[in-house]
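Structure first, commentary second.
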């Protein structure tokens, strides 16, 4: 049973979106840095990607701090971890508009 993940690779876009530097995250346990993912269902989805070797694409609302933010996440198994790509979609969700094509993708590398 998977108990935690560790950050293995983080790109500049992910740093900016998370508001943290890769040097502060690399090698660190994901649940230590982001404990809410254990209770909001994200860790369960990440575990499913890894243990069942499935690809998931879903929307997620973060209530972490400040106003709620929405993301579209896509994850795929990579080695013994996962690769995660996410796009902030808050403006689209708040406007109720159809999915635009202009969001930038954020990639978070393999977790193990």
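The values are calculated or read from the model by the stated rules, or taken from the named source; none is laboratory data. This is a predicted model, so every value here is computed, not measured. Cβ coordinates were reconstructed from backbone atoms using ideal geometry, including for glycine residues, and neighbour counts include every protein chain displayed.
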message: Just checking, does segment 56-74 include any residue being more than 24 Å from residue 96 (Cα to Cα) and touching a helix residue (DSSP H, G or I) at 6+ places or on another chain (Cβ under 7 Å)?
response: no
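Residue by residue, here is whether (1) surrounded by 11 or more Cβ atoms within 10 Å (Cβ to Cβ); (2) outside any loop (DSSP other than H, G, I, E, B); (3) modelled with pLDDT of 95 or more holds:
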| site | (1), (2), (3) |
| --- | --- |
| 46 | yes, yes, yes |
| 54 | yes, no, yes |
| 66 | no, no, no |
| 75 | yes, yes, yes |
| 85 | yes, yes, no |
| 91 | yes, yes, no |
| 102 | no, no, no |
- request: Give me the pairs, please: first residue somewhere in segment 15-41 and at negative phi, second residue anywhere and surrounded by 12 or more Cβ atoms within 10 Å (Cβ to Cβ) and in a strand (DSSP E or B), beta-carbon distance under 6 Å, and either six or more positions apart or on two chains.
  value: 17/106; 22/10; 25/7; 25/10; 26/7; 28/7; 29/6
message: Going by what's in this entry, would residue 21 be described as closer than 23 Å to residue 92 by Cα and loosely packed, with under 14 Cβ neighbours inside 10 Å?
response: no
